[in-house]
1. Taking only protein heavy atoms and a 1.4 Å probe, what accessible area per residue, in Å², does the range 15-147 have with all protein chains in place?
2. In terms of Cα to Cα distance under 20 Å, which lysines are near enough to LYS80, apart from those fewer than 8 places away along the same chain?
3. Can you tell me what share of the DSSP beta bridges in the chain is antiparallel? A percent to the nearest 5 is fine.
4. Taking a ≥ b ≥ c as the square roots of the Cα gyration tensor eigenvalues, with a/c under 1.5 meaning rounded and otherwise prolate when a/b beats b/c, else oblate, which class fits the chain?
5. For a 26 Å ceiling on Cα separation, which of these pairs sit above it: LYS48/LYS191; LYS94/LYS191; LYS48/LYS176; LYS48/LYS234?
6. So how tilted is helix 183-201 from the main axis of the chain? Cα-based, degrees 0 to 90, rounded to 10.
7. Treating only the Cα positions of the range 235-280 as identical point scatterers, give the base-10 log of I(q)/I(0) from the Debye formula at each q in 0.14, 0.22, 0.23 Å⁻¹.
8. Under the rule a/c < 1.5 gives rounded, and otherwise a/b versus b/c splits prolate from oblate, where does the range 211-292 land using the Cα gyration tensor?
Amino acid sequence: MTTIPGAGSADASPGAARPASLSPSRAGDFMQCPLLYRFRVIDRLPEKPSAAATRGTLVHAVLERLFDHPAAERTVPRAKELLPGQWERLLEAKPELAGLFPEGDGGAGLAAWLAEAEALVERWFTLEDPTRLEPVEREFFVETELASGLRLRGIIDRVDVAPTGEVRIVDYKTGKAPRPEYAEGALFQMKFYALVVWRLKGVVPRRLQLVYLGSGDVLTYDPVVADLERVERKLHALWEAISEATETGDWRPRPTKLCGWCDHRAVCPEFGGTPPVYPLVVVPRPDRPAGS
């Protein structure tokens, strides 16, 4: 068996646990780089907060809270009024976010960042009309166990249900829409959610909708059962690969242009680093004969 540095250990570390479920984000991590999945799920290495990701969290919170108000009050000014309060809530939960902005600039950095968030919120009103929407769910946690025992979970930004019973799953993205050739990758998360809803409720969502606030685009897709069955097969294959790596400790790095934004380069073999000692019990696998 081929291993990477830091992969072996005789005994599991206290508190270490094997992966027990799969979410769209973690599935995406494994497809991007198996070693990144290990660092996030098994080693649980800390990562620095980023201004872009935090801005996305803030915008999502504002759009969620806006629906607490009556339809007539879901206006641009009201949405903008929610920003400072939601930012304070984020800071209260994670005080370290204050370090995203330089000290001694008189608050200019924070003000510019909040203005960017405000622009994203305002753009949303050009893409959807919240006065005509009454979401059934917001920030909806979903979880189901497939017949195989694989547990799937995730959080859906918004679920709309038409009077006729048709379901629409909506996700907000604060970045720009991908080019057409990359649309399938962008839809993976939505098809994941559609699969969970189908297995939970027995209903195939009528529409999947990605709302890109960064570019002002809306990407929609109408799934069918065959789509969701393909996603289910893909997730089973992913989980089999994750289970194999979990038992053997063999987590391979997969270098891409995204490595430049990774917080874990210092412990990545691709950049001369050594991963932490693997915290789980390793189950050695015999090497396969050549040509098999």
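The values are calculated or read from the model by the stated rules, or taken from the named source; none is laboratory data. For clarity, every value in this text was computed on a predicted model and none was experimentally measured. Quick reminder, even Gly has a Cβ in these numbers, built from the backbone with ideal geometry, and neighbours come from all protein chains shown. What goes into the accessible areas is simple: the full protein's heavy atoms, side chains included, and nothing from ligands, DNA or RNA. Shrake-Rupley method; radii C 1.70, N 1.55, O 1.52, S 1.80 Å.
1. Working: 6970 Å² over 133 residues.
Value returned for the range 15-147: 52 Å² of accessible area per residue.
2. Here the lysines satisfying the reach criterion relative to LYS80 are LYS173.
3. On the way: 17 of 24 bridges.
Antiparallel bridges: around 70 percent, rounded to the nearest 5.
4. Numbers: a/c = 2.27, a/b = 1.37, b/c = 1.66.
Oblate.
5. Details: LYS48/LYS191 29 Å; LYS94/LYS191 31 Å; LYS48/LYS176 23 Å; LYS48/LYS234 31 Å.
Cα-Cα > 26 Å for LYS48/LYS191; LYS94/LYS191; LYS48/LYS234; rest within.
6. 90
7. These q points yield log10 I(q)/I(0) values of -0.43, -0.89, -0.93.
8. Numbers: a/c = 2.75, a/b = 1.35, b/c = 2.03.
Oblate.
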